[in-house]
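Read the structure below first, then the notes.
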Amino acid sequence: MDKALEVLRKRREELIHVFEARRTGGVQAAFEQAAREHKRIHADVFSLAQRHVEEQGLCRPPGEMTFLMLGSGARGEQSILSDQDHALVFELPDRDTETDATRAYVDRLTRVTAALLSEVGYALCSGHVMASNPRWQGTLLTWQNRLEQYYDHPDWENIRFLLIAADATAIVGQTSHASALREGVASRVARSSFIRWKIADQALVHGVALTPLGQIRLEGVSGKGYFHVKEGLYTPLVNSVRLWAHSVLINVPQTLSRIEALTSQRVWSEELADRVKEAFVTTLDARVGHHLRLYEERKTMDDRISLSELDDPSRRRLKDALRTAKSLQQMTAKQFARSG
């Protein structure tokens, strides 16, 4: 197993070269290529974990296992800095109840998978959004009941769980299982004006990092402040686009695909879609560019960009992206106001 893990670690490290080449091949193409490899690595780790568990004498349940990627990885937006976000759907034969043997296998498999992904270079999720957490595993019926419970009790934590499940992508097993989760979330959001308002309103609490005067809002010590590109720009953009998509039952997970679908369904104008797409690609580029600088300087990866590390054109593009994200967030809040 050690040799196999070493090969997987090297494959993950080589993704740096994919992003380094984005200046010639394009930002979007680089992320698409990296996304395919991230998913292949996860699939290979899962298969390795299965073999390891079965070699220990635990028998695989007769039903199929579907390993799901969540978060930015599922959306094809994973950069160099990335932690684990995954889940598991498993089948039981003839609707049998879960046995102790099945439970033992699933528990061991998911724990080994998380440990091996950590060995390869994907940090454990600090929020425990991993298949090793019982909340993120179960039969399809269990998942359907879980989503319904979140829908019936829409406090912010349950809505957050709904939105995480909304981006599920299958990397091993049945793609229909991932589609069922995404469709389940989109349909629930589409039919609940309260949930749509709650999502839009909560987004304003952790809004775009732009001051009322149009300046980039910095955190940290005065004079040495930084801009958090994930929390202050990337996440608000993703959340706004996803809410608009769900409101009209668009359930593809990729942000750029959601933007295209909103245009084709005439929910957004082409002018708005182009501006949001440009802002989103700028965001991806700024984030991965920062990660590459940290890598070259052998520093710990983070999402805190100091404006001094950007040249003037990059700073202007970033500010334009922030203005677009802020405008979209305000438009979203107005569209999904509580009265709606």
How many residues are of a type in the set (G, A, S) and touching a Leu at 6+ places or on another chain (Cβ under 8 Å) if we restrict to segment 1-23?
1
Among the numbered criteria (1) farther than 24 Å from R338 by Cα; (2) at pLDDT 95 or above; (3) of a type in the set (S, T, N, Q); (4) open to solvent by less than 60 Å² (accessible area, probe 1.4 Å), which one does T211 miss?
(2)
If you go through segment 191-206, how many residues are over 14 Å from D155 (Cβ atoms) and either open to solvent by 30 Å² or more (accessible area, probe 1.4 Å) or in contact with a Cys (Cβ under 8 Å, 6 or more places away or on another chain) (or both)?
6
Which of the residues spanning segment 238-274 are free of Cβ contacts under 8 Å to residues at least 60 places away in the same chain and small (G, A, S)?
A245, S257, A261, S264, S269, A273
Condition first: over 16 Å from Q28 (Cα atoms), outside any loop (DSSP other than H, G, I, E, B) and open to solvent by 20 Å² or more (accessible area, probe 1.4 Å). Now tell me which residues in segment 273-305 satisfy that.
R293, Y295, E296, R304
Extreme residue, nearest to Y234 (Cα to Cα), among residues of segment 306-340 that are open to solvent by 50 Å² or more (accessible area, probe 1.4 Å) and of a type in the set (S, T, N, Q):
S327
Wholly inside segment 1-83, helices (runs of 4 or more DSSP H) that include 3 or more residues that are surrounded by 15 or more Cβ atoms within 10 Å (Cβ to Cβ) and not small (G, A, S) are 2-13, 15-20, 27-55
Per-region count, segment 106-124, residues part of a loop (DSSP other than H, G, I, E, B) and either open to solvent by 10 Å² or more (accessible area, probe 1.4 Å) or touching a Pro at 6+ places or on another chain (Cβ under 6 Å) (or both):
2
So, first residue without any contact (Cβ under 8 Å) to a residue 60 or more places away in the chain in segment 205-218, second residue open to solvent by less than 90 Å² (accessible area, probe 1.4 Å) and of a type in the set (G, A, S), Cβ within less than 6 Å, six or more apart or across chains; the pairs are R217/A209
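The values are calculated or read from the model by the stated rules, or taken from the named source; none is laboratory data. Predicted model, so just to flag it, every value in this text is computed and none were measured. Note that we place each Cβ from the backbone using ideal geometry, even for glycine, and neighbour counts take in every protein chain shown. For accessibility, only protein heavy atoms count, side chains too; no ligands or nucleic acids. Shrake-Rupley method; radii C 1.70, N 1.55, O 1.52, S 1.80 Å.
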